[in-house]
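**Student:** Sharing a structure with you now.
The values are calculated or read from the model by the stated rules, or taken from the named source; none is laboratory data. Note that the coordinates shown come from a computational prediction; the quantities given were computed from them, not determined experimentally. Glycine gets a Cβ as well: all are built from the backbone with ideal geometry, and neighbour counts include every protein chain shown. Only protein heavy atoms, including side chains, enter the accessible area calculation; ligands, DNA and RNA are left aside. Shrake-Rupley method; radii C 1.70, N 1.55, O 1.52, S 1.80 Å.
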Amino acid sequence: MVETTPRPYATGSGSPGAEPEHEMSRRRFLSRAIFAMAGFIGGVIGLPAVVHTISPALKGEQQSWIEVGNISGFQAGQPKKVDYVIYKADGWIEEPSGKSCWVVKKSDSQFVVYDPRCTHLGCPYSWHTDKNQFLCPCHNGVFDLEGNVISGPPPRALRRFANRVEGGKLLVREEVING
Amino acid sequence: MVKVLDWLDERLSIKPFFEHLLFRKMPKGINWWWTFGSATLFLLIMQLTTGMFLAIYYSASPDHAWDSIRFIESEVTFGTLIRGIHHWGSSGMVILVLAHMLRVFFMGAYKYPRETTWIVGVVLLTLVLGFGFTGYLLPWDEKAYWATVVGTNMAEQAPLIGNFVLKVLRGGADLGAVTLTRFYAFHVLFLPAIALPLVSVHLFMVVKQGISGPAKKK
Ligand code: HEM
Ligand code: FES
């Protein structure tokens, strides 16, 4: 194919012999207007669409305080696992969901509450009274009463949940307070 | 048939186009190794077809996903067949696309002037893996669930943005109803919408440049 005439639409600068580049020809104006409109429509629909898709990642999860028992039900220095049920929203579905945590009583006003999932790969560990340690069955992770790693693969100490005592009851919020 | 085609050709003169497309000259010495791309294309079409028919019964909700699959397997006539083809076809796609890529690599067919075909091919490879990853969750059984927990956890290992990517993938901190619907949307709408134009571009480039022959002995 032999091309003799320059193709005007390839340059956007108007038909051959038209005004010099810098002047706003009719063709140039229209082509810019079309791109501007396309960009505008793309932005007006595209941006909301992106936010629409990633919005769940932008929302911080609101945790509430959950009553997990009377403070008299715990013995100082003796970890106890508590199970409780919370209503959790999974998209548009709201379902009861079984949860648990490990509670260590220091005194009537001071408690430490651990996330029940091992910091290695999330297995449920448990307290072994004979050894005075938390043992994780999955890969032999070992933690002491303070949640520090004694041995095994867990990379960091047990996660602690926020807690407070109110009217003789222990309240827990699933919010990690030690990093 | 011939009449219909002639009638069409008289108006559109499409014969040269199809002749060019279907009766292309091939280099000497090509063999079965050159068929992996076409085999992948064939499986892709199979996946699209069987997938559309699966979507007739499938329900992407945690309450119903597994039951709808069970329904396809046990109640729908030929449901097992359609699902079976789609299930095995997905593994076949991955194997064939890798075989295709390896043949292109080891024969140096990605070299000038076919770099663009290779680059589009790399994107297609990730799309094929994306189909596999999103499709795996859809039966919503234990295996699907935990595989996706682990798969999305891997994304979290990325520095800085990891947790954000994880939440975008899951549609929240945990795997749930929102994860299932978005994986379904990606699997049946987003990925095909991206893959089909790219496959067309890939094939356009293959046809336009002609396929590369075997390397000549020196
Ligand atoms: C959906 C996935 C894909 C489809 C349907 C597809 C299809 C095809 C077909 C039919 C051909 C003709 C030659 C042949 O079959 O060997 C081809 C060539 C080619 N493909 Fe793919 N392909 C896919 C993915 C890929 C991937 C993952 C790569 C590499 C990263 C790739 C790189 C190439 C290159 C460089 C050629 C040119 C080879 C030559 O001219 O000899 N393709 N593709
Ligand atoms: S999950 Fe606890 S040690 Fe691996």
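**Student:** From the residues A:Cys101, A:Pro137, A:Gly168, which one has its Cα farthest along the dipole of the range A:66-176 in the positive direction, the dipole being from +1 and -1 charges on Cβ of Lys/Arg and Asp/Glu about the Cα centre?
**Tutor:** Comparing the listed Cα positions along the dipole, A:Pro137 ranks first.
**Student:** Taking amide H positions as placed 1.01 Å from N in the peptide plane, with prolines and chain starts having none, which residues 5 or more places from A:Gln133, or on another chain, fall under 5 Å of its amide H?
**Tutor:** A:His128
**Student:** Go through the range A:92-170 and name the chymotrypsin sites (Phe, Trp or Tyr not before Pro) that are in a DSSP coil and have 14 or fewer other Cβ atoms within 10 Å of their Cβ. Please report the intermediate quantities before stating the final value.
**Tutor:** Numbers: sites: A:Trp92, A:Trp102, A:Phe111, A:Tyr114, A:Tyr125, A:Trp127, A:Phe134, A:Phe143, A:Phe161; in loops: A:Trp92, A:Tyr125.
When the chymotrypsin sites (Phe, Trp or Tyr not before Pro) of the range A:92-170 are filtered for loop state and at most 14 Cβ neighbours within 10 Å, A:Trp92 remain.
**Student:** Which value, in debye to the nearest 20, gives the size of the charge dipole of the protein assembly as shown about its Cα centre, when Lys and Arg are +1 and Asp and Glu are -1 at the Cβ?
**Tutor:** On the way: 39 positive and 31 negative charges, 323 e Å.
Value, rounded to 20: 1560 debye.
**Student:** Once amide H atoms are placed 1.01 Å from N in the peptide plane, what residues at a sequence separation of 5 or more from A:Phe111, or on another chain, have their amide H within under 5 Å of its amide H?
**Tutor:** A:Lys106
**Student:** For B:Leu5 and B:Phe18 in one chain, what is 0.36 nm times their gap in residues minus the Cα-Cα distance, to one decimal in nm?
**Tutor:** Numbers: separation 13, 0.36 × 13 = 4.68 nm, distance 1.15 nm.
The span from B:Leu5 to B:Phe18 would gain 3.5 nm if fully extended.
**Student:** Most fluctuating residue of A:Pro48, A:Pro155, A:Pro79 in a GNM of chain A with Cα springs under 10 Å: which is it?
**Tutor:** Largest GNM mean-square fluctuation: A:Pro48.
**Student:** Taking a Cβ-Cβ separation under 4.7 Å as the criterion for a possible partner, which cysteines of chain A have none?
**Tutor:** A:Cys101
**Student:** Using a Gaussian network model of chain A whose springs link C-alpha atoms within less than 10 Å, name the residue from A:Glu67, A:Glu23, A:Glu94 with the highest mean-square fluctuation.
**Tutor:** A:Glu23
**Student:** In percent, how large is the relative contact order of chain B, given Cα pairs closer than 8 Å and 6 or more residues apart?
**Tutor:** Normalised by residue count, the contact order of chain B is 26 percent.
**Student:** Now a separate question. In the range A:51-78, which residues become less accessible by 30 Å² or more once every protein chain is in place, relative to the chain on its own, using a 1.4 Å probe?
**Tutor:** Checking the loss per residue gives A:Thr53, A:Ile54, A:Pro56, A:Ala57, A:Glu61.
**Student:** Of the options B:Ala155, B:Val104, B:Leu169, report the single residue whose Cα projects farthest towards the positive end of the charge dipole of the protein assembly as shown (beta-carbon charges: Lys, Arg +1; Asp, Glu -1).
**Tutor:** B:Val104
**Student:** Taking H as built 1.01 Å from N, whose amide H comes closer than 5 Å to the amide H of A:Lys88, not counting residues under 5 places away?
**Tutor:** The list, which skips near neighbours in sequence, is A:Glu95, A:Ser97.
**Student:** Under unit Cβ charges (Lys, Arg +1; Asp, Glu -1), what dipole magnitude, rounded to 20 debye, does chain B have relative to its Cα centre? Write down the numbers at each step before the final one.
**Tutor:** Details: 19 positive and 13 negative charges, 288 e Å.
Charge dipole of chain B: 1380 debye, to the nearest 20.
**Student:** Is the shape of the range B:155-209 rounded, prolate or oblate, going by the alpha carbon gyration tensor and its root eigenvalues a ≥ b ≥ c, with a/c under 1.5 for rounded and a/b larger than b/c for prolate?
**Tutor:** Numbers: a/c = 6.14, a/b = 2.02, b/c = 3.03.
Verdict is oblate for the range B:155-209.
**Student:** Mind giving me the nanometre distance, one decimal, between the label points for A:Gln63 and A:Lys106, set 7 Å out from Cα along Cα→Cβ?
**Tutor:** Calculated label separation equals 1.8 nm.
**Student:** If N is the number of residues in the range B:20-69, what value comes out of its Cα radius of gyration divided by 2.2 N^0.38 Å? Before the final figure, lay out the partial values.
**Tutor:** Numbers: Rg = 18.7 Å, N = 50, 2.2 N^0.38 = 9.7 Å.
That ratio works out to 1.93.
**Student:** Ranked from highest to lowest mean number of other Cβ atoms within 10 Å per residue, what is the order of the peptides B:143-152, B:207-216?
**Tutor:** Taking the mean over residues of other Cβ atoms within 10 Å, the ranking is B:143-152, B:207-216.
**Student:** Between B:Leu189 and A:Val51, how high is the FRET efficiency from 1/(1 + (r/R0)^6) when r is the Cβ-Cβ distance and R₀ = 22 Å? Nearest 0.05. Don't jump to the answer; show the numbers that get you there.
**Tutor:** Values: r = 18 Å, r/R0 = 0.84.
After rounding, the FRET efficiency stands at 0.75.
**Student:** Now a separate question. So what's Rg/Rh here for the protein assembly as shown, counting alpha carbon atoms and using the Kirkwood radius for Rh?
**Tutor:** 1.12
**Student:** Using only the alpha carbons of the range A:66-176, what is the convex hull's orientation-averaged projected area in square nanometres? Walk me through the intermediate numbers first.
**Tutor:** Numbers: hull surface 29.6 nm².
With every direction weighted equally, the projected area is 7.4 nm².
**Student:** Counting Lys and Arg as +1 and Asp and Glu as -1, each charge on the Cβ, what is the dipole of the range A:22-136 about the Cα centre in debye, to the nearest 20?
**Tutor:** Values: 13 positive and 10 negative charges, 130 e Å.
Dipole of the range A:22-136, to the nearest 20 debye: 620 debye.
**Student:** Still on this structure: In bins 10 Å wide, starting from 0, what share of all Cα pairs of the range B:33-209 does each bin hold, as a percent?
**Tutor:** Calculated over all Cα pairs of the range B:33-209, the distribution is 9, 34, 31, 21, 5, 0 percent.
**Student:** Can you compute the modelled spin-label distance between B:Leu98 and B:Asp174, with each label point 7 Å from Cα toward Cβ, in nm?
**Tutor:** A separation of 3.5 nm, rounded to one decimal place.
**Student:** Output the pairs from B:Lys3/B:Lys208; B:Lys28/B:Lys217; B:Lys143/B:Lys167; A:Lys80/A:Lys169; A:Lys81/B:Lys143; B:Lys25/B:Lys111 with a Cα-Cα distance over 18 Å in this structure; if there are none, say none. Working shown, then result.
**Tutor:** Working: B:Lys3/B:Lys208 29 Å; B:Lys28/B:Lys217 13 Å; B:Lys143/B:Lys167 21 Å; A:Lys80/A:Lys169 15 Å; A:Lys81/B:Lys143 28 Å; B:Lys25/B:Lys111 20 Å.
Exceeds cut-off: B:Lys3/B:Lys208; B:Lys143/B:Lys167; A:Lys81/B:Lys143; B:Lys25/B:Lys111.
**Student:** Per residue of the range B:124-135, what does 6.51 cos²θ - 1.76 cosθ + 1.60 with θ = phi - 60° give for ³J(HN,Hα)? Whole Hz please, x for Gly and Pro, Karplus curve as stated.
**Tutor:** 4, 4, 5, 5, 4, 5, x, 4, x, 5, 6, x
**Student:** Could you work out [θ]222 nm for chain A from helices alone, using -39500 (n - 2.57) per DSSP H run of at least four and dividing by all its residues? Round to the nearest 500 deg cm²/dmol.
**Tutor:** On the way: 2 runs with 37 residues, N = 179.
Mean residue ellipticity, 222 nm, calculated: -7000 deg cm²/dmol.
**Student:** Hey, rough spin-label estimate for B:Arg70 and B:Asp141, points 7 angstrom out along Cα→Cβ, what's it come to in nanometres?
**Tutor:** 1.1
**Student:** Here's a follow-up. Could you work out the longest stretch of chain A that avoids the trypsin sites (Lys or Arg not before Pro) located in DSSP loops with at most 11 other Cβ atoms within 10 Å? Walk me through the numbers before you get to the answer.
**Tutor:** On the way: sites that count: A:Lys59, A:Lys131.
Value returned for the longest uninterrupted segment is A:60-130.
**Student:** Tell me the carbon and sulfur percent of the accessible area for the range B:33-209, rounded to whole percent, probe radius 1.4 Å. Before the final figure, lay out each step's value.
**Tutor:** Numbers: 7260 of 9840 Å².
After summing per-atom areas, the C and S share lands at 74 percent.
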